[in-house]
Amino acid sequence: METTVAATETTRTICGYCGVGCSLDLVTRDNRIIAVQPAFDGPANAGALCVKGQFAYDYVHHPDRLAHPLVRGEDGELRRASWEEALARATQGFIDVLEKHGRRAVYGVASGRTPSEANYMMQKFIRVGFGTNYIDNCSRA
Amino acid sequence: MSNPLADMEKPDVIFCIGTNMTEAHPVAATRLKKALARGAKMIVADPRRIRLAEMADLYLPIRVGSDTALLLGMAHVIVREGLIDREFIATRTEGYDALVHHLQEKTPAWAESITGVPADKIEEAAILYGASDKGAIFYTLGITEHICGVENVQSLCNLALLTGNFGREGTGVNPMRGQNNIQGAGDSGALPNNYAGFQAVNEPENQAKFEKAYGRRIDLENGITKVTALEQCGDTVFAMLINGENTVVSDPDMEHCIHALKSLDHLVVIDIFLTETAELADVVLPATSWAETDGHFTNTERRIQRVRKAVDPPGEARPDWWIISQLGQRMGMDGFDYDSPVPIFNELCELSPIYNGIDWELADNGEYQWPIPYRGHPGTPRLHEDEFVNGRGKFSFTDYRDPAETVDEEYPVWLTTGRRLESYHTRTQTGRSEGINELLPEETLEVHPADTARFGLRDGGWAKVSSRRGAVEVRVEATRRSPEGTVFASFSFSDVPINVLTGSGYDPITHTAELKVCPVRVEPIAERVPAAAD
């Protein structure tokens, strides 16, 4: 009897939990993470990982993951929307507040969990869009 | 951190204060264990008898919020005993004579009266650290999440400046950063006072530089902090864009926070789950998780490392950079038509002096620690080797002050909050990872066995914990990790929302919340009333 198992792939990346920045290899098959392996040549961890970095990855494939944009409907509940509708709604809300309350009425909160590219974009959005420095990240609490 | 992680294996004397490193930064703690195995000595100051305290040669059980008094007492002894580095003080510092005068009254006996640590233990700690050739200080939020967080850090710097413990292998003053990219968030300019690369927004030449780069003149005045913005929601702030932060659960004074976000005209949240914060939004935009995106994280030792996409995101989730680019384009902003994260990172590098020496390709193997001021520069694993950024290291004339709230008849117990090994922050991720969720299924309040008897509590039973802002119900765990008169819980579980209780005050300079100190009352309850939190 023959069985075929899809080949595994390995991707070198950095742990997404604390600030130590351990290098690890994500082992994937059929577009799912099936294991995490510590990187012995990782400059921060030299082969070590903690219980979170080693095992707490299945949230990535959890059914609770947001897979579609949501907008609040007339009934006050969040409902599924297309990207087109959600982006239009998000944008219009900022424009309305800008027109009604001025450019210091819009604030951005960036994340210590997202890549630097996301943080850079958040500050650029606030600074270019509104000409203010009304941007912070979550490091104060 | 002033020094690289590899240096953690090199000190003769390690001084850990306000850091629960074996739980919050476990892999970094393995390096300290290696140093101890080699023969290094370790001093640990912490209100709780954490695992690190059990490993220490000298444990200083300080009262919550009394760090500055301990550190002043240690500085007093170092000066009195002549354990100072005279050459370092003469060539690299300023304000020494004034500091000596300032420290005259800060005796170990005075420090004992505030910290509760016996004066002879304070003497012993000061002499151990002061007499070492290579002394290294490590701290985390136990130092900064106080109304006096700045004074705490300055008091630590005083010790290192007095003893010449900067700029050498196995020394330094080393904050352990808590989140995978909290360093990178600051590096990238997501701060109200700095552009990317920590360039002050109130410097006219920086304003001109970014006006040229961005095609828009940006205010010369600092923006407001998130703390202030939350206070002004519905008053002057009417719209927010929140990316990847569960503000409602992680921030102090939950009721205030929910009220603030609800009073906005417009809230847009970008996240990977429908968090308690996203549930309040008008628009929720689904983002890629860490395993589904390309970019960079900067770690606690300032090392810029590449994050790589390994799997596709669910459904229509998109990378954060793409979502924000779309928002910018649709609002008619120039310079938002990015088709990948590569030009975004390269733009960040071009505009940031500390990243000028690298780009996407050069950062690929994670060998660079900033500052990397020009192409060909090898990066800077160790800061302050020849001189400090501003020339000389300045001594600070800090003093002890009480926490924002202190225990009294109505709220007679200190609550301190923190992390646990098996959960991360508000558990949006670890709470959805099966194996780890079994290791730590619920929150407990850690209470000293003598206190459980005193408050009429039962190990494994339930308690109601109240502060001036609210109350939560939580299961009791009798443990000697907590000292008498102080209880502990983490803020990770949304069904035990500990941050309903906190929020007594903020550091006036950094606006960091005093999450480590909150007077509470603890009472037994027969059985838990079903949670109304969700």
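The values are calculated or read from the model by the stated rules, or taken from the named source; none is laboratory data. Just so we're clear, the structure is a prediction, and the values are computed from it rather than from any experiment. We place every Cβ from the backbone using ideal geometry, glycine too, and count neighbours over all the protein chains shown.
Of the listed requirements (1) within 28 Å of B:MET1 (Cα to Cα); (2) free of Cβ contacts under 8 Å to residues at least 40 places away in the same chain; (3) of a type outside the set (Ser, Thr, Tyr), B:ILE304 misses just one: (2). Criterion applied to B:ASN356, B:ASN365, B:ASN346 was being surrounded by fewer than 22 Cβ atoms within 10 Å (Cβ to Cβ) and at pLDDT below 95, and the one residue passing it is B:ASN365. Residues considered: B:ALA109, B:ALA90. Of these, the only one that is of a type in the set (A, V, I, L, M), out of contact with any Leu (no Cβ under 9 Å at 6 or more places or on another chain) and more than 24 Å from B:PRO61 (Cβ to Cβ) is B:ALA90.
The set of residues in the range B:92-137 that are assigned to a strand (DSSP E or B) and over 28 Å from B:LEU32 (Cα atoms) comprises B:THR93, B:GLU94.
Taken over the range B:250-276, the residue count meeting the criterion of being part of a helix (DSSP H, G or I) and surrounded by 24 or more Cβ atoms within 10 Å (Cβ to Cβ) is 2.
For the range B:277-305, the set of residues classified as within 7 Å of chain A (Cβ to nearest Cβ) and assigned to a strand (DSSP E or B) consists of B:VAL283, B:VAL284, B:LEU285, B:PRO286, B:GLY295, B:HIS296, B:PHE297, B:THR298, B:ARG303, B:GLN305, listed by residue number. Just one of the numbered conditions (1) within 25 Å of B:PRO4 (Cα to Cα); (2) not in a loop (DSSP other than H, G, I, E, B) is not true of B:ASP386: (2). Answer yes if at least one residue in the range B:234-242 is farther than 26 Å from B:TYR214 by Cβ, touching a residue at least 12 places away in the same chain (Cβ under 8 Å), touching a strand residue (DSSP E or B) at 6+ places or on another chain (Cβ under 8 Å) and not hydrophobic (A, V, I, L, M, F, W, C), and no otherwise. No, the range B:234-242 has no match at all. Among the residues of the range B:126-162, those identified as of a type in the set (Gly, Ala, Ser) and touching a helix residue (DSSP H, G or I) at 6+ places or on another chain (Cβ under 6 Å) are B:ALA126, B:GLY130, B:GLY135, B:SER155. Exactly one residue out of B:LEU440, B:LEU445 is within 25 Å of the chain's Cα centre (by Cα), of a type outside the set (Lys, Arg) and surrounded by 21 or more Cβ atoms within 10 Å (Cβ to Cβ): that is B:LEU445. Taken over the range B:420-478, the criterion of being among the small types (Gly, Ala, Ser), part of a strand (DSSP E or B) and either modelled with pLDDT under 85 or under 19 Å from B:ARG48 (Cβ atoms) (or both) is satisfied by B:ALA463, B:ALA478.
For the range B:307-318, name all the residues that are facing another protein chain (nearest Cβ under 7 Å) and assigned to a strand (DSSP E or B). Before the answer, list the steps.
Within the range B:307-318, the subset facing another protein chain (nearest Cβ under 7 Å) is B:307-308, B:310-312, B:314-317.
If the condition is that a residue be facing another protein chain (nearest Cβ under 7 Å) and assigned to a strand (DSSP E or B), then B:VAL307 is the only one that fits.
Of the strands (runs of 3 or more DSSP E) that lie entirely inside the range A:1-63, those containing 2 or more residues that are surrounded by fewer than 23 Cβ atoms within 10 Å (Cβ to Cβ), of a type in the set (Val, Ile, Thr) and facing chain B (nearest Cβ under 9 Å) span A:9-14, A:23-29.
Between B:THR236, B:THR247, the distinction of being surrounded by fewer than 21 Cβ atoms within 10 Å (Cβ to Cβ) and either in contact with a Lys or Arg (Cβ under 9 Å, 6 or more places away or on another chain) or within 15 Å of A:ASP136 (Cβ to Cβ) (or both) belongs to B:THR236 only.
When every residue of the range B:216-233 is checked against the conditions, at least one turns out to be facing chain A (nearest Cβ under 7 Å) and under 30 Å from B:VAL27 (Cβ atoms).
Scanning the range B:210-233 for residues that are touching a residue at least 12 places away in the same chain (Cβ under 8 Å) and in a helix (DSSP H, G or I) returns B:PHE210, B:ALA213, B:TYR214, B:LYS226, B:VAL227, B:THR228, B:LEU230, B:GLU231.
Criterion applied to B:GLY328, B:GLY335 was being over 30 Å from A:GLU9 (Cβ atoms) and either without any contact (Cβ under 8 Å) to a residue 12 or more places away in the chain or of a type in the set (A, V, I, L, M) (or both), and the one residue passing it is B:GLY328. Screening the range B:326-343 for residues that are within 7 Å of another protein chain (Cβ to nearest Cβ) and more than 16 Å from A:ARG127 (Cβ to Cβ) and picking the one that is surrounded by the fewest Cβ atoms within 10 Å (Cβ to Cβ) gives B:ARG330.
Could you go through the range B:98-110 and let me know if any residue there is free of Cβ contacts under 8 Å to residues at least 24 places away in the same chain and farther than 20 Å from B:GLU124 by Cα. Yes, the conditions are met somewhere in the range B:98-110. The residues listed here are B:GLY167, B:GLY142; of these, the one that is more than 14 Å from chain A (Cβ to nearest Cβ), under 25 Å from the mean Cα position of the chain (by Cα) and surrounded by fewer than 21 Cβ atoms within 10 Å (Cβ to Cβ) is B:GLY167.
It is to be established whether one or more residues within the range B:438-453 are acidic (Asp, Glu) and farther than 27 Å from B:ILE272 by Cα.
If we filter the range B:438-453 for residues that are acidic (Asp, Glu), which is where we start, we get B:438, B:442-443, B:446, B:451.
Now narrow it down to the ones that are farther than 27 Å from B:ILE272 by Cα: B:446, B:451.
Yes: the range B:438-453 contains one or more residues that are acidic (Asp, Glu) and farther than 27 Å from B:ILE272 by Cα.
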